[in-house]
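Q: One structure, as C-alpha cells, below. Some questions next.
The values are calculated or read from the model by the stated rules, or taken from the named source; none is laboratory data. Bear in mind that the values here come from a model prediction, so they are computed numbers and not experimental data. Here the Cβ positions follow ideal geometry from the backbone for every residue, glycine too, while neighbour counts run over all protein chains shown.
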Amino acid sequence: MRILISVCGEGFGHTTRCIALGEALKDEHELLYLAYGKSKDFIEKYGFDVVETYPEVKLKGKDGKFDLKSTIFNKEHNPKKAIKAEYKIIKKYNPDLIISDCKYSTVVVGKLFKKPVLCITNQNYTKFKLKTDIVVHPTMKILNIINKRCEKVIIPDFPMPYTICEYNLKFLDNMEFIGPLIRYNVDNVSNDNYVLSVIGGFEYRYKILEKIKEISLKNDLKAILVCGSYEVAKRLRKDLKSEDKKNIKIIPFTTEMDKLMRNAEVIVSHGGHSTIMESLCFGKPLVVIPDLDHPEQNNNAKKVDDLGCGIYLTYNELNHLYDAIEDAKLCRKNAEKMRKLYLKYNGKENIKKIINSFNYEEYKKFNLFKVRT
C-alpha cells in the first residue's frame with residue numbers, strides 16, 4: 001500500500017511518534033512523509049523520503065508562558081499555504097491511505113481527493129481555564145468536525161483509566177486507543193541515580209534549566225540536561241567550574257536519548273505527550289513542568305500526578321523543584337506499572353494491525369475515492 005504520513009512539526013513529539021510509525025510500516029508498505037523545518041531534517045536522518053510542506057501554526061511564548069493567540073492567529077503561518085502545497089503533493093503522489101499526526105491541512109486535502117485518512121492525536125478537547133478555553137474550544141470544535149470525517153482517530157496512549165491525555169479528549173465514535181507509539185525498545189532498564197532533563201527547544205523555558213543546574217550544584221545531585229540548542233548549552237556551561245562537571249552534564253543534542261532515559265532515576269519534562277509516553281514506557285517517574293497557559297501540557301501533568309507516576313509542578317513553583325524531584329523518586333513503583341502496561345499495549349504493533357486490516361479493495365469497489373490507474 002502507498003501511504004502518506006503527514007507530520008505537525010511544532011514540538012518534537014509528533015515527529016518522534018511518526019518515526020516509530022514509519023519503522024513499524026516500512027517493510028510492508030511504500031511510505032512518503034510530509035514535514036517541515038527541523039522535523040523534516042530529523043525524519044530524513046532515519047532514511048525516510050520526505051517532501052516539504054508548510055506549518056499551519058508556529059508555537060510562540062515568552063518567560064515560561066505559551067502564547068496561544070499568537071500561535072493560532074498570525075499572518076506568517078496559516079493553513080492556506082499548507083493546503084495549497086499539499087493539494088499538489090497529494091495529487092501527484094496519489095496515496096492509497098493518508099495518516100496525519102495533527103496536521104489538519106493534510107486531512108482536509110485528503111478528503112477533497114476522497115482519500116481514506118487516519119488521524120493520530122492526543123488532544124481534541126480541553127478544559128483548563130477561561131483565558132485559554134475561550135480560544136481553544138472553538139478551535140477544537142472545528143477540528144472535531146474534521147476528525148469525524150476520518151476513518152479512525154488514533155490515540156497513541158494507554159487505555160482508560162490510565163490514559164495520560166484523558167483530560168484532553170472528547171470521545172468520538174471513530175476513536176481507537178492503540179497504546180504508546182514510541183521509537184525505543186524498553187528492555188534492560190536500570191537506575192544510575194541521575195536526574196534527566198529533556199526540557200529544551202524554546203527560549204521561554206530557559207529559567208527551568210537554570211534552576212536544575214542550581215539545585216544540582218547546591219545539593220550534590222547528579223543531573224544531565226539535554227537542552228535542544230547549542231546556544232542554550234553554551235550559556236548554561238558559562239560559569240561551570242571543572243569540579244562541577246562531576247555532577248552536571250549539559251548536552252545540546254543527543255542521539256542516545258533512549259540510553260539516557262533507560263538509566264535515569266527521574267525525568268524532568270515540560271508536559272509534552274510523547275515525552276511523557278517515552279518516560280513512562282521506560283518506567284521512569286516524572287517531574288512535569290508545563291508551559292504557563294498551555295492547556296494540553298497542564299492537563300497531561302495533572303493526569304501524571306493523579307496516577308501517582310510523578311509530580312506536577314507549575315512554572316511559578318520552581319523554588320520547590322528539588323523537593324519535587326525527591327518526591328518523584330517515591331513514584332517509581334507506579335511508573336514501573338505503566339511500563340508493564342506498555343508491554344501489553346504496544347502502539348507500533350497495534351497500528352500495524354489496523355493498517356494491515358484496512359480493505360483498500362473495498363474502497364475501490366465502492367468508488368469512494370479516485371483510484372490510481
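Q: Take the residues in segment 25-40 that are at pLDDT 95 or above and assigned to a helix (DSSP H, G or I); name whichever of them is farthest from ILE90 (Cα to Cα).
A: Looking at residues that are at pLDDT 95 or above and assigned to a helix (DSSP H, G or I), I get LEU25.
Q: Also, I was wondering about something else. Does LYS170 satisfy the criteria of being outside the structural domain of ASN122 (by TED's automatic domain parsing) and either of a type outside the set (Ser, Thr, Tyr) or in contact with a helix residue (DSSP H, G or I) (Cβ under 6 Å, 6 or more places away or on another chain) (or both)?
A: The answer is no for LYS170.
Q: With the checklist (1) more than 21 Å from LYS213 (Cα to Cα); (2) in a loop (DSSP other than H, G, I, E, B); (3) modelled with pLDDT of 95 or more in hand, flag the one item ARG262 doesn't pass.
A: Among (1) more than 21 Å from LYS213 (Cα to Cα); (2) in a loop (DSSP other than H, G, I, E, B); (3) modelled with pLDDT of 95 or more, ARG262 violates only (2).
Q: Across segment 281-316, which residue is surrounded by the fewest Cβ atoms within 10 Å (Cβ to Cβ) among those that are at pLDDT below 95 and charged (D, E, K, R)?
A: Going through the qualifying residues, I end up with ASP293.
Q: For segment 170-188, enumerate the residues that are surrounded by 14 or more Cβ atoms within 10 Å (Cβ to Cβ) and farther than 21 Å from ASN334 by Cβ.
A: Answer for segment 170-188, where residues must be surrounded by 14 or more Cβ atoms within 10 Å (Cβ to Cβ) and farther than 21 Å from ASN334 by Cβ: LYS170, LEU172, ASN174, MET175, ILE178, LEU181, ARG183.
Q: Only strands (runs of 3 or more DSSP E) wholly contained in segment 68-164 count here; list those with 2 or more residues that are at pLDDT 95 or above, closer than 15 Å to MET175 by Cα and not hydrophobic (A, V, I, L, M, F, W, C).
A: 97-101
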